[in-house]
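Inspection log for the structure reproduced underneath, given as structure tokens.
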Amino acid sequence: MAEFGEQLPIGKAKIEFLVNEQGMIAMKVSGTNFWGMYQIAVSYPSGEPLAVVPVTGMGVPLPPYPKPSLLAWIMSDQHGMWGRLCPRCQTYFRTNHVIDNTACPYCGNVSNSLSFVTQAQARYVVAFCNAYIEASNTKNTVTIDLETVTDSTPEWKYAEERQQFHFKCVSCHTEADILGEYGWCPKCGKTNGREVIMTKLKGLEEAFDKADKNIADRAERGQQWEEMNSRCFSHFEALGRHLQTIFVMFPATPSRRKEVEALSFQRLLNASVSLEQWYGIELFKNVSPDDQGFLNLMLNQRHIIEHNGGKVDERYLSQSGDKKARLNERMRIGSNRIRHLLPLMRTITTNLLDGFESLK
């Protein structure tokens, strides 16, 4: 795959509007560097996109689509994907799903595929329509070689852009290329959250085993455990914020919606109560009261280390439940606590995802 931000031009392709002796026009697309095409009906002569028209097999009539109109072809990039722009959050992504309704990987908005056409693709479609009109008016073949177009014809020169994270939906196998890591499948709308966070937790478990065996220096070990504790809760919080984009879309009173928007996965105990009351999600299912207290303790240790240099303050003493800590002492985390924490993070993560996926 290309690097993040790299342009993926639709090159080495030729579009021809062929005029026969009877003045009828046929369209031909040839070339390389693209894997697929899809067609949209555009108004004639304005070139405004009207509808996505699924391709049918030989001898099979096309489904009904708006007329009068012209069918324009939009080619994929070299990875077989098309750029999309969410009409709600105005964020760009790439996917190989371009037919039927589309879900935005970022905000979860579901709209018809046509509303996700990018501005560059819309300009290209207008140029496509104009070339057809030129061939029709002049009765001469018009050929557009996309590999040789110049800045003087920018409407033909469009490219997609590689994003940060590529994933394939485990449910429907649709591919997407997005900013960040957590996303909703553009076709079926399911989250990739389970695959992303379980990979991260597995990486932390492997890193812990390696560090515990190979690092002897006490200070270095302590730094490792502090970083792992922080990353555990950072990963969980990122997953929670991702799922929250859907929670806020559920029907709710204005006051409840504000509460859902304010839900913070940094306040684990409060979040568990709210999730169970609102959605029946048992975050602490199969987690003992002692382990719930331990999770709260480790979360507060993360806060004190990140925001107060590890120095115990009154807030930590009141919120953590730590009976052994003393005011102003430097907090330390031992390997036994990380060994205890990691499987608990797996449990509450699984509970959160199972609960979310059970919602209808």
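Quick check on P45: is it at pLDDT 80 or above and out of contact with any Lys or Arg (no Cβ under 8 Å at 6 or more places or on another chain)? Considered against the rule, which asks whether it is at pLDDT 80 or above and out of contact with any Lys or Arg (no Cβ under 8 Å at 6 or more places or on another chain), P45 comes out as no. Counting only residues that are farther than 22 Å from N137 by Cα and in contact with a helix residue (DSSP H, G or I) (Cβ under 7 Å, 6 or more places away or on another chain), the stretch 50-71 holds 2 of them. Any residue at all in the stretch 191-209 that is assigned to a helix (DSSP H, G or I), surrounded by 20 or more Cβ atoms within 10 Å (Cβ to Cβ) and of a type in the set (F, W, Y)? No - not one qualifying residue is present in the stretch 191-209.
Name the strands (runs of 3 or more DSSP E) wholly inside the stretch 50-126 in which the number of residues that are free of Cβ contacts under 8 Å to residues at least 40 places away in the same chain is 1 or more. Break it down into steps so the answer makes sense when it comes.
Values: elements: 69-75, 82-85, 92-95.
Here the list reads 69-75, 82-85.
Restricting the stretch 3-42 to residues that are modelled with pLDDT under 80 and buried (at least 16 other Cβ atoms within 10 Å of the Cβ) leaves a set whose member that is farthest from A122 (Cα to Cα) is N33.
Across the stretch 253-278, the qualifying residues are those that are touching a residue at least 24 places away in the same chain (Cβ under 8 Å) and either of a type in the set (A, V, I, L, M) or in contact with a Gly (Cβ under 7 Å, 6 or more places away or on another chain) (or both), and the one among them that is surrounded by the most Cβ atoms within 10 Å (Cβ to Cβ) is L275.
Out of the residues in the stretch 279-301 that are hydrophobic (A, V, I, L, M, F, W, C) and part of a helix (DSSP H, G or I), which is surrounded by the most Cβ atoms within 10 Å (Cβ to Cβ)? Restricting to residues being hydrophobic (A, V, I, L, M, F, W, C) and part of a helix (DSSP H, G or I), the top hit is L295.
Listed conditions (1) more than 24 Å from V110 (Cα to Cα); (2) without any contact (Cβ under 8 Å) to a residue 24 or more places away in the chain; (3) crowded, with 16+ Cβ neighbours inside 10 Å; (4) of a type in the set (A, V, I, L, M) are all met by A219, apart from (3). Restricting attention to the stretch 74-83, does a residue exist that is in contact with a strand residue (DSSP E or B) (Cβ under 7 Å, 6 or more places away or on another chain) and farther than 24 Å from I178 by Cα? No - not one qualifying residue is present in the stretch 74-83.
The values are calculated or read from the model by the stated rules, or taken from the named source; none is laboratory data. In this text the structure is predicted, and so the values were computed from the model without any measurement. We place every Cβ from the backbone using ideal geometry, glycine too, and count neighbours over all the protein chains shown.
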